[in-house]
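A.B. asks: Sharing a structure below in structure tokens format, with a few things to ask.
The values are calculated or read from the model by the stated rules, or taken from the named source; none is laboratory data. This is a predicted model, so every value here is computed, not measured. Backbone-built Cβ (ideal geometry, glycine too); neighbour counts: all protein chains shown.
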Amino acid sequence: MKAAVCTDFHRPLELRDLDVPEPGPGQLLVKLEASGLCHTDIHAAHGDWPVKPKLPFIPGHEGIGRVVKVGEGTSEALAGRRVAIPWLGTSCGHCHYCVTGAENLCESQVNSGYSVDGAYAEFAVAYAHGIVEVPDGVSSFDAAPLTCAGVTTYKAVKLARVTPSERVAVFGIGGLGHLALQYARLVGGFTVAVDIEPEKLELAAELGADQVVNARDTDPVEAIRAAGGADVAIVLAASPKVFEQALRSLNRGGRLVMVALPADDAALSVPIFDTVLGGISVIGSIVGTRADLAEVFALHAAGRTEVIAERRSLETVNDDFEAVLAGKVSARLVFEF
Ligand code: NAD
Ligand code: ZN
Ligand code: ZN
């Protein structure tokens, strides 16, 4: 099978012809139809974060395909089903987090395309415990970005407890941001889109953003405060400076939701006095659960969200990484097989 493999954090991915893997107990073999390119895959391939993947590995955690083989002890009923392989490849199923519906916080989780091989390949092994079935009303092409960009921003909006008419500032209108805007609007929020690329802001306006701010030429804190301040700020651009801007744009009672993951072990300085007196919340948000993803698919099948993405084939993966880093893609890139 064709696969893109990361062999070195300082070199491009290698396209290789590999043997199709065998699913073990509790696992499934999935023949991929679509696989999204999340910015996390670039962080993974560059070894950006304090905990690095073990080389070599196949990135990719927005994989959609059909189950073509089930491993020992795995339900035969899954054969032929169309499933999503998310970042949360599997979780232990019995810790405090897993049994209270917070499996995204499980300390024994396995991460697709990071701690195990992912979906930048024609076939991938998935865990029966971790997959989510894709409903008929959602194409594989659309399901791919929803599997990480969708579920992650859906969860961020949920954790922020946005109420109708609150102002939600979304910093970074990329793969995640274009969906964050839509979920914030779905729950009745007014939205502010912040980016540094004019094309991204045009897209945000088309998607219904109430205010757009180009942070390259306008101070987003001033612009947001002039419009009444943000009740919620969701950070989807991987730069510590953006986290500071988002925090400073908040009204009293505001919630900062941290989603982007800058390189190294970046820190944010939070002023204690203003945070206490202003009743500010600082929230970390990591992907979403299987139930969250099923809700994301249901909303999409009902026509409530729109996925903006461009088709690619795995051969161009290294150029595609460059295009994403340069902010030159409409929202998401999806490899099709
Ligand atoms: P992306 O590259 O598609 O989008 C990032 C956007 O930020 C781009 O539109 C870019 O133009 C914009 N941007 C860059 N600098 C900016 C600035 N100074 N001000 C405003 N906007 C700016 O990336 P993505 O796939 O949407 O992922 C975004 C981040 O979220 C990455 O760090 C990724 O690793 C992280 N992520 C986190 C989770 C999680 O569960 N917490 C899940 C998925 C992705
Ligand atoms: Zn667990
Ligand atoms: Zn992702």
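A.B. asks: Anything in segment 155-186 that is more than 11 Å from ligand 1 (Cβ to nearest atom) and within 18 Å of V307 (Cα to Cα)? List them, or say none.
C.D. replies: Listed by number, the residues that qualify are V157, L181, Q182, Y183, A184, R185, L186.
A.B. asks: Can you name every one of the strands (runs of 3 or more DSSP E) wholly within segment 52-100 that holds 1 or more residues which are within 16 Å of ligand 2 (Cβ to nearest atom)?
C.D. replies: Of the strands (runs of 3 or more DSSP E) lying wholly inside segment 52-100, those with at least 1 residues that are within 16 Å of ligand 2 (Cβ to nearest atom) span 88-90.
A.B. asks: Please state which of the following conditions R167 fails to meet, knowing it meets all the rest: (1) within 21 Å of K328 (Cα to Cα); (2) surrounded by 24 or more Cβ atoms within 10 Å (Cβ to Cβ); (3) of a type outside the set (F, W, Y).
C.D. replies: In the conditions (1) within 21 Å of K328 (Cα to Cα); (2) surrounded by 24 or more Cβ atoms within 10 Å (Cβ to Cβ); (3) of a type outside the set (F, W, Y), R167 misses (1) alone.
A.B. asks: If the requirement is being buried (at least 24 other Cβ atoms within 10 Å of the Cβ), at negative phi and modelled with pLDDT of 95 or more, which of these qualifies: A260, A226, A237?
C.D. replies: A237
A.B. asks: Another question, then. So which residues in segment 140-166 are free of Cβ contacts under 8 Å to residues at least 40 places away in the same chain and either among the small types (G, A, S) or under 11 Å from V83 (Cα atoms) (or both), if there are any at all?
C.D. replies: S165
A.B. asks: Output the residues belonging to segment 297-333 that are in a helix (DSSP H, G or I) and free of Cβ contacts under 8 Å to residues at least 12 places away in the same chain.
C.D. replies: Listed by number, the residues that qualify are T316, D319, E322, A323.
A.B. asks: If you scan segment 23-35, which residues turn out to be touching a Leu at 6+ places or on another chain (Cβ under 7 Å) and crowded, with 24+ Cβ neighbours inside 10 Å?
C.D. replies: L28
Quick grid of which residues meet (1) touching a helix residue (DSSP H, G or I) at 6+ places or on another chain (Cβ under 6 Å); (2) not assigned by TED's automatic domain parsing to the domain that holds R225; (3) not hydrophobic (A, V, I, L, M, F, W, C):
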residue	(1), (2), (3)
S269	no, no, yes
L277	no, no, no
A291	no, yes, no
E295	no, yes, yes
R311	no, yes, yes
V317	no, yes, no
A331	yes, yes, no
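A.B. asks: Another question, then. Could you look through segment 79-96, keep only residues that are farther than 14 Å from A124 by Cβ and buried (at least 18 other Cβ atoms within 10 Å of the Cβ), and pick out the one that is farthest from ligand 3 (Cβ to nearest atom)?
C.D. replies: Within segment 79-96, the match that is farthest from ligand 3 (Cβ to nearest atom) is S91.
A.B. asks: Further, regarding this structure: Starting from residues that are over 21 Å from Q109 (Cβ atoms) and assigned to a loop (DSSP other than H, G, I, E, B), keep the ones in segment 12-32 and report whichever is nearest to ligand 2 (Cβ to nearest atom).
C.D. replies: Checked segment 12-32; the qualifying residue nearest to ligand 2 (Cβ to nearest atom) is E22.
A.B. asks: Would you check if A209 is assigned to a loop (DSSP other than H, G, I, E, B), more than 26 Å from W49 (Cβ to Cβ) and away from ligand 3 (no atom under 16 Å from the Cβ)?
C.D. replies: Considered against the rule, which asks whether it is assigned to a loop (DSSP other than H, G, I, E, B), more than 26 Å from W49 (Cβ to Cβ) and away from ligand 3 (no atom under 16 Å from the Cβ), A209 comes out as yes.
A.B. asks: Please enumerate the residues belonging to segment 33-48 that are near ligand 1 (Cβ under 9 Å from one of its atoms) and part of a helix (DSSP H, G or I).
C.D. replies: Hits for segment 33-48 are H39, T40, D41, I42, H43, A44.
A.B. asks: Is it true that some residue in segment 283-296 is within 14 Å of ligand 1 (Cβ to nearest atom), more than 16 Å from the chain's Cα centre (by Cα) and assigned to a strand (DSSP E or B)?
C.D. replies: yes
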